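Enquirer: Please find one structure pasted underneath; my questions will follow.
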Amino acid sequence: MLVVDLHCEQGHDFEGWFASGDELTRQQQQGLLSCPVCGSHGVERRPSAARLNVSGLKDAAAEPVREATASPEAAPPRQADIVRALQSAYLQAVRHVVMHTEDVGERFADEVRRIHHGDAPERGIRGQASAEERAELREEGIETLALPLPEGFDGPLQ
């Protein structure tokens, strides 16, 4: 298993898992790699730290593991680490929304009005609405939130 750091043309960093280096190259050449945040296919490999499988090694000293606490003098987190954490939180939020809402597609504006007026059961829904439809809903006192879904989130989630 080959685990590599990847970077898209929009500046998002993420990790990819491949059966081999040849498989990574094949997927890149065929345009199969895409960013999980923005869907961009402009993805390149970045230098990665070596990953070692040490699960089979035994602790010779057999000492208990001690937890270290960060002192106030500890270095601040790197910007890349913060960006990765934010991207991860965004993807988790999107996954939660997709898993806990009903996709009503292009019927979104009509369905949310029906729910608002009590003509349909209250539930979480998602779908597509134009900027004009969102403005009309806002005028009617119905607040919505535009949440762009990354490519691949519109089908079954694993």
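Just so you know, all these numbers are worked out from the coordinates, no wet-lab data involved. Bear in mind that the values here come from a model prediction, so they are computed numbers and not experimental data. Cβ placement follows ideal geometry from the backbone for every residue including glycine, while neighbour counts extend to all protein chains displayed.
Enquirer: With 10 angstrom as the radius, rank 7, 41, 12 by how many other C-beta atoms surround their C-beta, starting from the fewest. Before the final figure, lay out the partial values.
Expert: On the way: 7 16, 41 13, 12 19.
So the ranking, lowest neighbour count to highest, is 41, 7, 12.
Enquirer: Right, next: Looking at the range 79-139 from every direction and averaging, what is the projected area of its Cα convex hull in nm²? Mind dumping the intermediate values first?
Expert: On the way: hull surface 21.7 nm².
Averaging across all directions leaves 5.4 nm² for the Cα convex hull.
Enquirer: Let me ask another. Could you calculate the FRET efficiency of residue 22 with residue 99 from 1/(1 + (r/R0)^6), where r is the beta carbon distance between them and R0 is 35 Å, rounded to 0.05? Spell out each step's value before the answer.
Expert: Numbers: r = 35 Å, r/R0 = 0.99.
Here the calculated transfer efficiency is 0.50.
Enquirer: Next question. Suppose R0 equals 30 Å. What FRET efficiency, 1/(1 + (r/R0)^6) with r the Cβ-Cβ distance, do residue 144 and residue 86 give to the nearest 0.05? Walk me through the numbers before you get to the answer.
Expert: Details: r = 23 Å, r/R0 = 0.77.
In this case the efficiency is close to 0.85.
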